[in-house]
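The values are calculated or read from the model by the stated rules, or taken from the named source; none is laboratory data. Keep in mind it's a predicted model, so treat the numbers as computed, not measured. Cβ placement follows ideal geometry from the backbone for every residue including glycine, while neighbour counts extend to all protein chains displayed. In case anyone asks, the SASA skips ligands and DNA or RNA and just uses the protein heavy atoms, side chains included. Shrake-Rupley method; radii C 1.70, N 1.55, O 1.52, S 1.80 Å.
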Amino acid sequence: MSETKHDAPALAMRELLGVIDALIAPGGCPWDKEQTPLTLCDYLAEEAFELIEGIRSGDAREAMEELGDVMFILLFMATLYERKGSHTLADSLNYSAAKMIRRHPHVFGDKHFDDITELWDNWEKTKREENKGTNRKRVFDSLPSGLPPMLKAYRINSKAARNGFTWESDRDVEAHLKEEWDEWQEAMASGHAEESEKEFGDYLFTLVELGRRKGIKANAALDFANQKFLARFAKMEELAEMRGLVLTDLGLDEMNGLWDEVKDWEQS
């Protein structure tokens, strides 16, 4: 019988599970044998961020490696839960598959949606049905508390919009953004640091929503801006070194000159 497209990943997953079994066996690694799903949480977050960095940098090899590292932590957690008698990896995978099938009746059933709004309305309705009888009874109960603030602001705005609580038009958001800007300026002029911080937060929150409505994810957009700045600054340092200069010894005008050179080089 010929191999299917699922055979290779399944074999690789079994091999990785075998590695994990060996690591936590009586003669395995002392550090690995001490781990629990809780102690692995920070490592999962770290590996996930490294995977994201690899994807956003466009480095396919880095993404490949980091995806494997994320899978290792996930399978490690699954193994530990199974050994505790809590649930198996198959339980988790089957639960996720059933949930996705349930939430996509237009793919796995005969449901039809005229547009993306109807699709999201059904998604939220299905989630509310799923959460009946649980402690996730309200709209934002499923929002992870540990999300980075910028990403959380996007998710809050997105979820509010799916539940019908948002501005009617982009122009309304733009007007509100101007109001938030003015309030921030007033707070700064008053010299009240705490109020200035709060108003700046309100401005950012509204800006995230405007970006969302334009199809822009603020967290990703800011990350790209960070990476662009870091890359340009590294080029500035290289230019300074090539000319026998120490970048931090230069004045602002000189550094701006190097910055402009780097930008011109990028556009050439």
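Details
- Segment 98-103 - phi-based ³J(HN,Hα) in whole Hz, Karplus 6.51/-1.76/1.60, Gly and Pro as x: 5, 5, 5, 5, 5, 7
- The stretch between Asp170 and Val139, if pulled fully straight at 0.36 nm per residue, gains 8.8 nm over its current Cα-Cα span.
- Relative contact order for segment 115-247, counting Cα pairs under 8 Å that sit 6 or more residues apart, in percent: 21 percent
- Based on C-alpha pairs under 8 angstrom that are at least 6 apart in sequence, the chain has a relative contact order of 9 percent.
- Vicinal HN-Hα couplings computed from phi for segment 12-21 (Karplus, 6.51 cos²θ - 1.76 cosθ + 1.60; Hz; Gly/Pro x): 5, 5, 5, 5, 5, 4, x, 4, 5, 4
- One chain, two ends: Lys84 and Leu67. Fully extended at 0.36 nm per residue, the span grows by 3.5 nm beyond their Cα-Cα distance.
- Inverse of mean 1/r across different Cα pairs in segment 63-110, Kirkwood, Å: 12.5 Å
- The coefficient of translational diffusion for segment 113-268, derived via Stokes-Einstein from the alpha carbon Kirkwood radius under 20 °C and 1.002 mPa s, stands at 110 µm²/s.
- Debye log10 I(q)/I(0) for segment 178-268, one point scatterer per Cα, at q = 0.15, 0.20, 0.24 Å⁻¹: -0.82, -0.89, -1.00
- Based on the Stokes-Einstein relation at 25 °C and a viscosity of 0.890 mPa s, and on the Kirkwood radius from alpha carbon pairs, the chain is assigned a translational diffusion coefficient of 103 µm²/s.
- Cα point-scatterer Debye curve for segment 58-152, base-10 log of I(q)/I(0) at q = 0.10, 0.15, 0.20, 0.23 Å⁻¹: -0.45, -0.98, -1.19, -1.15
- Dipole check for segment 190-234: with +1 at the C-beta of Lys and Arg, -1 at the C-beta of Asp and Glu, and the Cα centre as origin, the magnitude is about 500 Debye.
- Helix-only arithmetic for the chain: the sum of -39500 (n - 2.57) across DSSP H runs with n ≥ 4, divided by the residue total, places the mean residue ellipticity at 222 nm at -24000 deg cm²/dmol.
- Per residue, the accessible area of segment 1-126 comes to 70 Å², computed with a 1.4 Å probe over protein heavy atoms only.
- A straight Cα-to-Cα reach below 26 Å connects Lys159 with the lysines Lys99, Lys111, Lys125, Lys127, Lys132, Lys137, Lys178, Lys198, Lys214, Lys217, residues fewer than 8 places away in its own chain not being considered.
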